[in-house]
Amino acid sequence: MSSLVKEDLEKKLFKPLSQNLYEFIQIELSVQDRYYLCVSVTKNEEVKIIIVKHYRIGLDEKYEVTKKWSLSDLQMIDGKEADTDNPFFDLHFKKVYSLEAYSCASKYSFARTVNKLNHAYLKKELQIVNFDSTYINDDSIWSSNNKDCLVLMRICFYAFNLLCLSLCPLPL
C-alpha cells in the first residue's frame, strides 16, 4: 500500500515540482484528513521537508503542500523518549513543531533518512536527540536499506542467542 502512495505522491506532486521523493511517513494531524511528512531533494540538491495533506474528490486522489522547510533550517529532531516505544517527536526550526508519526518505526525511518541526506548534501551538525542511535546511524551493524526490518532483525538476533545459550550444557 505504501509503495502505491509513494508512486502517486511522486507522480502528482513531486515530479511536477522537479523533486525526488526519498521518504514519507504518515503523521497524525487531524482525524478527518490524512497527512504525510515527506523528505525530498530538488534538482539543485536542496533537501526539503514537506507536510502534505491527502484528500479525495470523488475517486481522484489529491495532494496539497501545507508546510515546507529546508533541511538547512532544521536545528534538531527530538524523539521525546528514546527508551519507550512512542511515535511522538519534535522538529526544531525557528519554531518547534510537535508531530505524531503513524508508528515508532516510521518516526525512526524519517530520522534515518534526514540524517543520511544531511550527511550526503549538507554535512552540517544536525542534532538528533532522544533516539536510540543504534537505529539512526548508518555505521551501525543494524543499518540496512530495508528500514522496516531493523527491529525484527535485532529481536531475531537476541532470540537466537537465547536459544543457543539455553541449549548449551552447564558444566558440573
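The values are calculated or read from the model by the stated rules, or taken from the named source; none is laboratory data. None of these values were measured; they are calculated from a predicted model. Neighbour counts run over all protein chains shown; Cβ positions are idealised from the backbone, glycine included. Just the protein is used for accessible areas: all its heavy atoms, side chains included, with ligands, DNA and RNA removed. Shrake-Rupley method; radii C 1.70, N 1.55, O 1.52, S 1.80 Å.
Overview of values
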| read-out | value |
| --- | --- |
| The stretch 51-76 residues that are assigned to a loop (DSSP other than H, G, I, E, B), paired with ones that are open to solvent by 60 Å² or more (accessible area, probe 1.4 Å) (beta carbon under 7 Å, 6 or more apart) | Gln75/Gln127 |
| Extreme residue, nearest to Asp8 (Cα to Cα), among residues of the stretch 76-93 that are acidic (Asp, Glu) and either modelled with pLDDT under 95 or open to solvent by 50 Å² or more (accessible area, probe 1.4 Å) (or both) | Asp85 |
| Single residue of the stretch 94-106 satisfying the filter (under 14 Å from Ile49 (Cβ atoms) and not hydrophobic (A, V, I, L, M, F, W, C)) that is most open to solvent (accessible area, probe 1.4 Å) | Lys94 |
| Residue satisfying condition, being aliphatic (A, V, I, L, M) and at pLDDT 95 or above, within set Leu9, Leu71, Leu4, Leu17 | Leu71 |
| Residue match in the stretch 35-48 (condition: polar (S, T, N, Q), open to solvent by 30 Å² or more (accessible area, probe 1.4 Å), out of contact with any strand residue (DSSP E or B) (no Cβ under 7 Å at 6 or more places or on another chain) and more than 22 Å from Thr113 (Cα to Cα)) | no |
| Candidate set: the stretch 9-28, residues that are open to solvent by 30 Å² or more (accessible area, probe 1.4 Å) and in contact (Cβ under 8 Å) with a residue 40 or more places away in the chain; chosen: the one farthest from Ile77 (Cα to Cα) | Lys12 |
| First in the stretch 98-127 and closer than 16 Å to Glu81 by Cα, second anywhere and open to solvent by 60 Å² or more (accessible area, probe 1.4 Å) and in a strand (DSSP E or B), Cβ under 8 Å, 6 or more apart | Ser98/Phe88; Leu99/Phe88; Glu100/Phe88; Ala101/Phe88; Lys107/Phe88 |
| Residue among Asp73, Asp60 that alone is of a type outside the set (Val, Ile, Thr) and open to solvent by 70 Å² or more (accessible area, probe 1.4 Å) | Asp73 |
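Here is a yes/no grid of residues against (1) modelled with pLDDT of 95 or more; (2) within 25 Å of Lys43 (Cβ to Cβ); (3) more than 12 Å from the chain's Cα centre (by Cα):
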residue: Lys95; (1), (2), (3): yes, no, yes
residue: Ser109; (1), (2), (3): no, yes, no
residue: Val114; (1), (2), (3): yes, yes, no
residue: Leu122; (1), (2), (3): no, yes, yes
residue: Tyr158; (1), (2), (3): no, no, yes
